[in-house]
Amino acid sequence: RVVVGPQEALLRREFTIRDFNWLADAAYLGGEFPLAVKMRSMHAPVAARLRRNEDGDATVLLDEAFAGIAPGQA
């Protein structure tokens, strides 16, 4: 599917992750905590917060909008 629109339509401030391995301290199971996220392997990390969801997934909340977030990144 091809979608045509302005460059701003690519910007996102949050995304959901699922099926991940949780290696952090159990204290982080609730609330939000700060982290750095690499959106692409060659990009510098960006500031964000992680919020665990009740369904076991998590939402990443970026401090600044990022263009071109794509599924399937490791």
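The table that follows gives values for the structure above.
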| item | result |
| --- | --- |
| Around Ala65: net Lys/Arg minus Asp/Glu count, Cβ-Cβ under 12 Å | -2 |
| Within the chain: Cβ-based charge dipole about Cα centre, in debye rounded to nearest 20 (Lys, Arg +1; Asp, Glu -1) | 260 debye |
| For the chain, average projected area of the Cα convex hull in nm² | 6.1 nm² |
| R0 of 25 Å, Cβ-Cβ distance Glu14-Met42: FRET efficiency to nearest 0.05 | 0.65 |
| Protein accessible area in the chain, 1.4 Å probe - carbon and sulfur % | 53 percent |
| Sum of side-chain charges, Leu11 neighbourhood, beta-carbon under 14 Å (Lys, Arg +1; Asp, Glu -1) | -2 |
| Summed residue charge, Cβ within 15 Å of Val46's Cβ, Lys/Arg positive, Asp/Glu negative | +2 |
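The values are calculated or read from the model by the stated rules, or taken from the named source; none is laboratory data. Everything quoted here is computed from the prediction, not taken from an experiment. A quick note on method: Cβ atoms are made from the backbone with ideal geometry, for glycine too, and the neighbour counts reach across all protein chains shown. In case anyone asks, the SASA skips ligands and DNA or RNA and just uses the protein heavy atoms, side chains included. Shrake-Rupley method; radii C 1.70, N 1.55, O 1.52, S 1.80 Å.
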